1. Return the total of residues in the stretch 136-146 being part of a loop (DSSP other than H, G, I, E, B) and either buried (at least 17 other Cβ atoms within 10 Å of the Cβ) or touching a residue at least 40 places away in the same chain (Cβ under 8 Å) (or both).
2. Output the number of the condition that residue 61 fails; it satisfies all remaining conditions of (1) at pLDDT 90 or above; (2) assigned to a strand (DSSP E or B); (3) within 15 Å of the chain's Cα centre (by Cα); (4) at negative phi.
3. Kindly list the number of the only condition in (1) surrounded by 14 or more Cβ atoms within 10 Å (Cβ to Cβ); (2) within 21 Å of residue 112 (Cβ to Cβ) that fails for residue 25.
4. Do any residues in the stretch 114-127 that are farther than 20 Å from residue 1 by Cβ have Cβ atoms under 9 Å from those of residues that are among the polar types (S, T, N, Q) and assigned to a loop (DSSP other than H, G, I, E, B), where the two are at least six apart or on different chains, and which pairs are they?
5. Name every residue in the stretch 108-135 that is part of a loop (DSSP other than H, G, I, E, B), surrounded by 15 or more Cβ atoms within 10 Å (Cβ to Cβ) and at negative phi, in order of residue number.
6. Out of all the residues in the stretch 10-58, which are assigned to a loop (DSSP other than H, G, I, E, B), touching a Phe, Trp or Tyr at 6+ places or on another chain (Cβ under 8 Å) and without any contact (Cβ under 8 Å) to a residue 60 or more places away in the chain?
Amino acid sequence: MQELNFPKYSFRFKSNENKLAIFDEVRKKFILLTREEWVRQNVIQYLLQEKKYPKSLVNVEKLIKVNGLSKRYDIVVFKPDGSIFLLVECKAPTIKITQETFNQIARYNLVLNAEYLMVTNGVDHYFCKMDFENQRYVFLEELPFL
């Protein structure tokens, strides 16, 4: 897999019918290893190991309804009170982060109301704090600790 702009993490892999799978420690199962899943697993490790977010507050790939359509977010980190601290959108490393990517996460956040957003393709990372009052996001250098 492509080298990403994250520290080096150790992962568990297995081969199943000539397809490689990676163990997701949040979902507690092996997931088919795609380019986007590689980014997602690196983000999970970054959140757990670098940011020290508790694994019990991290949620991966759940369905939500956005304007009546079923969508799936990549990663959410909850606060202990159950509100959403962080929403993460992961793209494959070959996918450029564009305004449309930010529009996508903004649409999801209309439903989720996360305080912070992260958009990444594993190479480029963007961190934002929501300014709900002025309906905009403020770019940050780094994600805060929980």
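1. 3
2. Result: residue 61 fails condition (4) only.
3. The one condition residue 25 does not meet is (2).
4. Going by the 9 Å Cβ cut-off, the qualifying pairs are 114/83; 115/83.
5. 114, 115, 121, 123
6. Scanning the stretch 10-58 gives 11, 12, 33.
The values are calculated or read from the model by the stated rules, or taken from the named source; none is laboratory data. Being a predicted model, the structure only gives us computed values, none of them experimental. FYI the Cβ positions are ideal-geometry reconstructions off the backbone, even for glycines, and counts take in every protein chain you see.
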